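Quick notes on the structure that follows.
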Amino acid sequence: MAEISEPSNPPLEQSAFDPSTMRKTKPGFKRLILTISVFSSFLLGLPFLWKSVEIYRAPLPFMDIDALSSQLESTPLQFPCSFRVIYVGFDSIAPRVSAEQLKSSILDEITELSSKSSLCGSCSNNYDVSVVIESGSDCSQTRTDASSCSWRCGALSASDFAVSLENGNDSADDFLEVALGGCSRSASGGRGYSVVVMNRDENVEVTIGKYRHAWIVGRISEMEAIPKVAEIFVKLFGNGGREEGLIPGEFMPVGADGKIFLSFNLLNADPDDWIYDWDFQTVDEVLLKPLIKELAPVANVSVESQVLYHTPTSSFSYWDDDQESYIFNTKDLPFFVNSNEWHLDTSIAAGGRSKILHFVIYIPSARECPLLLQLPDGQISETNGFISPMWGGVIVWNPKGCLDRKSKQHHRQMISYPELEKIVEVFLGQFRQLFGLKSDPQHVGLSGTFNILTSEKGFTKWEIDFLSRQHSCFNLHSCASSLGSLSRLVQSLPRMIILDEIGKQVKYSLKAANLAQRNASLGVFDAAAISSRQARSLAEDAFFHPSIMSVSYFSFEHCFAVYSPFFLPVALHVILAALREWKRYKQEHKKYLAFLAKPKQS
């Protein structure tokens, strides 16, 4: 009979081991290291991903831009001017007024007039006044500082000046330029302007020269001349004869790049009646080149010309028996320029932000010749022309004998040079009006009527000084506005592309603006105008740079929305796998520690 044995019991230490809470071996690192390696590779790829979508932004001097805007707003530009009054021929008048008393009275009068004017580019309150009383070989003058132009007694002879006056105002003006031209610029750099007051037994006459001098001649005392002297300094030499609100600076006919293209057009309305041509090359060389040279500090002027045919107007005229001419009114001027038929195209060089001014000579057809412009008061225009602000001007030129229907000539005829001189003279007057300057040879002021000499170059020296100051002021404010807008735009769009070229343009614009301010403070008006023109042009180039109009201005949220469908699912699985593996490793390591902590039993 087989022996039946009792079932053996397991060892005690095996029965005490729980595989769910313990493990005898130390957990390995292979799975953990592999998971962490995959996760780390994704983390290391993030900088490369960020670099691949990074937008290049050249550093811009935001603080310097803000400093320029704040400085122009808090401290307006100061243009120094030096005014000198020279009294001659007052030896027989008693009692004599001292030069210091005259200076004090003139300063008070100038201060009162300056307080009523706030034109950008005027001398404002940054001026100095000196008074000289010439008396034969002796003279008395006010005390001047080292920066003022010194006066040499006897430099202006009353007898010599009287002789020049007898030869005409132009001769007197040239005489003063020779005698006083050395003081046209003071030692500090500011422009010097002079007024000569001469006592003579005749009616008082005030004349403003084409340089930087004026003279008052007649029966007048030293004190009676003070209001006229102050008005000349403030209203004419300081403000250029302009009135506030005439034409604001932003409507000056100068492009943002500082260029003006003058397009001269000769329009033959109907070549079946007559055909006219011109010798424009002679006009350009003789009449326009001096104008271009004179305006060099204010703008870079270029000239073009063309002759067009079959160019009727869009307005209608009517026959007037009294004038024996066809009449068109000022109310018809908006319809006179026929943009559909007048193809006033210019060359490709006139593109961009340059300003194009059209000057048109319109030759009417035989059906409406002669054609005259009637002013609102019923009078016929002396120039027979008109201007269109920011566009240019038009002159209607009627051929001689155009009423004779038998005078039609189909062969090409040339406009005579004397006629062209008259036409260009009218064009220069229109050009001055576009700049806001008057073409009236007289200035009616508070203290009387002043005669103003005209320059054959189109602009007098003191008018060029005023335009230089005005454009320096306007250009600097426009530069600060453009740079400020660019600064705010760049800071509001962190993903905007800023090329190195834009950074250089902003840097050079600020440099030119600072140079213009320094030249303005020194009174070098022409250099200040040139520097301010460069500053504005560079600022405009930076603001309107083609790269700024790119489509890469997406925000960071847009970038995340584009790339997340590609990387987020994979990245999510890798992160979850890494967390899961780390959690498993911690649990297995905890089991191993529990096994080590179990007490050994024998």
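The values are calculated or read from the model by the stated rules, or taken from the named source; none is laboratory data. Every value quoted in this text rests on a predicted model; they were computed, and no experiment measured them. Don't worry about glycine lacking a Cβ; one is built from the backbone with ideal geometry, like all the others, and counts go over all protein chains shown. Ligands, DNA and RNA are stripped out before the accessible areas are found, and what is left, the full protein with its side chains, is counted by its heavy atoms. Shrake-Rupley method; radii C 1.70, N 1.55, O 1.52, S 1.80 Å.
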Practice prompt. Can you confirm whether the range 434-454 contains a residue that is within 30 Å of ASP270 (Cβ to Cβ) and either open to solvent by 20 Å² or more (accessible area, probe 1.4 Å) or under 27 Å from the mean Cα position of the chain (by Cα) (or both)?
Written response: yes
Discussion item. Please list, ordered by residue number, the strands (runs of 3 or more DSSP E) wholly in the range 273-379 having 3 or more residues that are assigned by the TED database to the domain that holds LYS400, surrounded by fewer than 19 Cβ atoms within 10 Å (Cβ to Cβ) and within 34 Å of the chain's Cα centre (by Cα).
Written reply: 300-309
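Matching residues to (1) open to solvent by 80 Å² or more (accessible area, probe 1.4 Å); (2) assigned to a loop (DSSP other than H, G, I, E, B); (3) at pLDDT 80 or above:
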position	(1), (2), (3)
ILE4	yes, yes, no
PRO10	yes, yes, no
PHE17	no, yes, no
THR21	no, yes, no
LYS26	yes, yes, no
LEU32	no, no, no
SER40	no, no, yes
GLY45	no, no, no
Worksheet item: Hey, among VAL562, VAL570, which residue is open to solvent by less than 70 Å² (accessible area, probe 1.4 Å) and either at pLDDT below 90 or touching a His at 6+ places or on another chain (Cβ under 6 Å) (or both)?
Response: VAL562
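Residues SER69, SER105: which one is in contact with a Leu (Cβ under 8 Å, 6 or more places away or on another chain), open to solvent by 20 Å² or more (accessible area, probe 1.4 Å) and at pLDDT 85 or above?
SER69
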Worksheet item: Quick check, is SER472 closer than 23 Å to PHE237 by Cβ, part of a helix (DSSP H, G or I), open to solvent by less than 10 Å² (accessible area, probe 1.4 Å) and at pLDDT 85 or above?
Response: yes
